[in-house]
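For reference, the structure discussed in these notes is given below.
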Amino acid sequence: FRIVSCFLIVLLLYFFSRAEKSESVTRSLSLTPQNHVKNLAQSLYPCSAQKLDNDMKLHFLENMSVTCNDGTPAGYYLKESRGSRRWLIFLEGGWYCFNKENCDSRYETMRRLMSSSKWPQTKTGTGILSPLPEDNPHWWNANMVFIPYCSSDVWSGATPKTDQTDDYAFMGSLIIKEVVKNLLSKGLDNGKILLLAGSSAGGTGVLLNVDAVSELLEELGHPNIQVRGLSDSGWFLDNKQYLCTDCVDTISCAPTEAIKRGIKYWGGVVPERCRLAHEGSEWNCFFGYRVYPTIRRPVFVVQWLFDEAQLTVDNIHLMGQPVQEGQWRYIQNLGIELRNTLKDVPAMFAPACLSHEVITRNYWIDIQVKGTSLPRALHCWERSLHDNSKNSKAPPKGCPMHLIDNCPWPHCNPTCPTIRDQVTGQEMNVIQFLMHMGFDVQKMAQQQGMDPSKLLGMLSSGS
């Protein structure tokens, strides 16, 4: 019925367009050729969309020796877009484990991140993986690839499982390469642009692998595919924790210590240029501001200035007791430190929000920095790129791509995503959130030499 209906609509529009050649009809309808094409597309879009299968479908790797942690086959989800020469490969996030004990615990509580045994056959893309133009203005028609995270190694490992039954494989970097090889037979061989994107551990994985993916394609005879990176919430700092604790598990362990232990346990591989720059201390390459200067391919960095995962490993827990003054200063200094590490990154988007991950969220198009949305900033970045080089010409006028909030507090940007009280589940506005954190409006107003009600008004508007 749908196919017949679509066919009838096409026929009607065809005869209508023939009749429209009459000057009198054209005048009476006040349609320009551009308007007519637009109306035709809008009429056909709902009809054709009903027939489209928008889900990504699961494929296991052809090379069965490259596996998840538990030896089950690794794989990827794919939604092809016939005729498109643009490919988006997304690396999933999900922390990591760095020794036998916490990997065993992870396997018991988060098996989906270590095994493919219960992966669903299809996956629906959201955010930048959405096939709908209203949700994903510039990448909706790309070939979409989602690689589930099942290696627990920040996409860095190259160690197969041994014969011991209780041992684990760590093959994150090899999984990415095998997926790219598999995709060549599915149309990537004719690709023009490959955007390697990822969130959280996947965002760090982008920084570790974007050059290696480009080099692999060159080795396989495809030097003309332009490889680029999009790192979301993977730009972590190797800073000192607010409270130093023993390195027992992923959450309590200081970032540097966890990575130092992990890189040995995983047999982690880092980019060659970064390895040479930090010989003997390769763990440095897991931290964005250290690895970024060594990366040759263009990379766009998306980072919340007050990243929840960063605060967690720094032992700042915001949703329990009200925040003490020392914690408040620490949080503000974290925002300052992040700004400093990002100032020389030409393509970046850094809102002053308390959150973690964004590019696959439904609200990703709503977040703005200085009046520019994230999809718009990415579009400006794409326009500025040329010759598959990290050297970019000046962005087109009115098309910014280096965007960082200046306001100093978490959620001082009015477009930040909604915060919910973890106990009640109720939404909190910025004033409620700041007061929950122990923010003293009276004291801050006094320090700024202004009336408290004026300060509250500025906070409400995001000034």
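Conditions: (1) of a type outside the set (K, R); (2) open to solvent by 60 Å² or more (accessible area, probe 1.4 Å); (3) more than 18 Å from N54 (Cα to Cα). Q121 meets all but one. Number of the miss? The failed condition is (3).
Residues checked against (1) aliphatic (A, V, I, L, M); (2) farther than 26 Å from H356 by Cα; (3) open to solvent by less than 90 Å² (accessible area, probe 1.4 Å); (4) at pLDDT below 85:
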{"position": "K370", "(1), (2), (3), (4)": "no, no, no, no"}
{"position": "L374", "(1), (2), (3), (4)": "yes, no, yes, no"}
{"position": "A377", "(1), (2), (3), (4)": "yes, no, yes, no"}
{"position": "P395", "(1), (2), (3), (4)": "no, yes, yes, yes"}
{"position": "C399", "(1), (2), (3), (4)": "no, no, yes, no"}
{"position": "Q422", "(1), (2), (3), (4)": "no, no, no, yes"}
{"position": "I431", "(1), (2), (3), (4)": "yes, no, yes, yes"}
{"position": "Q446", "(1), (2), (3), (4)": "no, yes, no, yes"}
{"position": "M450", "(1), (2), (3), (4)": "yes, yes, yes, yes"}
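Do the conditions hold for K181, that is, is it in a helix (DSSP H, G or I), closer than 16 Å to N143 by Cα and out of contact with any Lys or Arg (no Cβ under 8 Å at 6 or more places or on another chain)? Here the answer is yes, as K181 does meet what is asked.
For first residues located in segment 321-336 and more than 28 Å from Y289 (Cα to Cα), partners that are part of a helix (DSSP H, G or I) and at pLDDT below 85 and lie 6+ apart or on another chain with Cβ distances below 8 Å form the pairs P322/H436. Residues that are over 17 Å from M56 (Cβ atoms), in contact (Cβ under 8 Å) with a residue 40 or more places away in the chain and hydroxyl-bearing (S, T, Y) are absent from segment 123-133. Of all residues assigned to segment 297-304, at least one qualifies as being of a type in the set (F, W, Y), within 24 Å of the chain's Cα centre (by Cα) and either outside any helix (DSSP H, G or I) or under 23 Å from R361 (Cα atoms) (or both). Scan segment 149-160 for residues that are farther than 18 Å from S105 by Cα and either hydroxyl-bearing (S, T, Y) or open to solvent by 10 Å² or more (accessible area, probe 1.4 Å) (or both) and the total you get is 4. Only one of the numbered conditions (1) open to solvent by 40 Å² or more (accessible area, probe 1.4 Å); (2) at pLDDT below 90 is violated by S17, and that is (1).
Condition check: out of contact with any strand residue (DSSP E or B) (no Cβ under 6 Å at 6 or more places or on another chain) and open to solvent by less than 10 Å² (accessible area, probe 1.4 Å). Does V180 satisfy that? Criteria met by V180.
For segment 124-147, the tally of residues that are farther than 17 Å from L195 by Cβ and either buried (at least 24 other Cβ atoms within 10 Å of the Cβ) or among the polar types (S, T, N, Q) (or both) stands at 1.
Take the residues in segment 161-177 that are of a type outside the set (D, E, K, R) and assigned to a loop (DSSP other than H, G, I, E, B), then tell me which one is most open to solvent (accessible area, probe 1.4 Å). Step by step, filter segment 161-177, then rank; the result is T165. Between L216, L195, L237, the distinction of being open to solvent by less than 20 Å² (accessible area, probe 1.4 Å), in contact (Cβ under 8 Å) with a residue 12 or more places away in the chain and within 19 Å of F306 (Cα to Cα) belongs to L237 only.
Would segment 294-301 turn up any residue that is under 22 Å from T415 (Cα atoms), open to solvent by 40 Å² or more (accessible area, probe 1.4 Å), touching a residue at least 40 places away in the same chain (Cβ under 8 Å) and β-branched (V, I, T)? Checking segment 294-301: not a single residue is under 22 Å from T415 (Cα atoms), open to solvent by 40 Å² or more (accessible area, probe 1.4 Å), touching a residue at least 40 places away in the same chain (Cβ under 8 Å) and β-branched (V, I, T). Among the residues of segment 323-352, the ones that are open to solvent by less than 40 Å² (accessible area, probe 1.4 Å), within 20 Å of P400 (Cα to Cα) and not in a helix (DSSP H, G or I) come to 7 in all.
Tell me, please, whether a residue that is crowded, with 22+ Cβ neighbours inside 10 Å, under 17 Å from the mean Cα position of the chain (by Cα) and outside any strand (DSSP E or B) can be found in segment 270-277. No; the residues of segment 270-277 include none that is crowded, with 22+ Cβ neighbours inside 10 Å, under 17 Å from the mean Cα position of the chain (by Cα) and outside any strand (DSSP E or B).
The values are calculated or read from the model by the stated rules, or taken from the named source; none is laboratory data. Computed from a predicted model, the values in this text were never measured in an experiment. As a convention, Cβ positions derive from the backbone with ideal geometry for all residues, glycine included, and neighbour counts pool all protein chains shown. Side chains are part of the model used for accessible areas, which takes the heavy atoms of the whole protein and leaves out ligands, DNA and RNA. Shrake-Rupley method; radii C 1.70, N 1.55, O 1.52, S 1.80 Å.
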